[in-house]
Amino acid sequence: MILRTLLPLLLSLLSFSAQAILITYNNEADFTAIGADQRRYDFEVDSGFPTGSYTAADSLIGEFDGIQFNATTIIPGLAPVSGTQAMSGANGAYSAATLNFTDPTRRITGFGFYGEDLRNQESIRVSADFQSAGIRIFDIRLGAEAELTPIYFGAYDADDTLRSLSIISLDDSGLNRAWYLDDLSLTSTAVPLPASLPLLLGGLVLLGRFISFSSNHH
């Protein structure tokens, strides 16, 4: 009887995920200060990325570090924040890029990057697919900054899992515009070994039997 009571309670606790408040950032220093494990992608050849080209077939990134990049590298005329290369759409600068996080050993909790090639009345739209919260949409705009100023944006939710990012640039009338981004950072946490769950449940079964045995002998 006790085991029947404890087991559903334990399973509900294991499946429960407290939803933290999503935090957004407008500068790289604050995002870096989160303290979670972070990896940074500068899209340079020396880091393992393809040589930038405006011919998409020549610079498609593909799988890299447990991420499926449906995106390309380019060498923009206006130099990116660091180095000479940046990331843009899968079919060129006027198209969307998609990043799918496929590494089973780490859970992505946030992202940050510099959005570039922005002009007035344009935005870089990020659709972030979180496991619990679903799709969250962020529009990155210049605000009071001059045209073509790199704009930093980051988002972080410690208790949710980011499954994918889709990125595109639009003007205020909804038409696709050119864009690129640089210095993508991803926060993550290690995924616990799944073997721990059967061990825990097995321990509970033994505990239940012990409690039942003790109750029957008193």
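About the Cα centre, and with charges only on the beta carbon of Lys, Arg (+1) and Asp, Glu (-1), how big is the dipole of segment 21-193? Nearest 20 debye, please. All intermediate terms of the calculation are to be shown ahead of the outcome.
On the way: 10 positive and 24 negative charges, 70 e Å.
So the dipole magnitude of segment 21-193 works out to roughly 340 debye.
Out of segment 71-161, which GluC sites (Glu not before Pro) are coil in DSSP terms and have no more than 16 other C-beta atoms within 10 Å?
E145, E147
Tell me the chymotrypsin sites (Phe, Trp or Tyr not before Pro) within segment 65-134 that lie in a loop according to DSSP and have at most 14 other beta-carbon atoms within 10 Å.
Working: sites: F69, Y94, F101, F111, F113, Y114, F130; in loops: Y94.
Here the chymotrypsin sites (Phe, Trp or Tyr not before Pro) that fit, given the DSSP loop and packing criteria, are Y94.
Local charge sum around N176 (other residues, Cβ-Cβ under 12 Å, Lys/Arg +1, Asp/Glu -1)?
So the surrounding residues net to 0.
Spin-label point model (7 Å from Cα, Cβ direction): what's the Q121 to F64 distance in nm?
Distance between the two pseudo-spin positions: 3.4 nm.
Take the Cβ-Cβ distance between I21 and N100 as r, set R0 to 25 Å, and report the resulting FRET efficiency rounded to the nearest 0.05.
0.45
Read-outs: derived from the displayed coordinates by stated rules, not from any lab. These figures come from a predicted structure and were not determined experimentally. We place every Cβ from the backbone using ideal geometry, glycine too, and count neighbours over all the protein chains shown.
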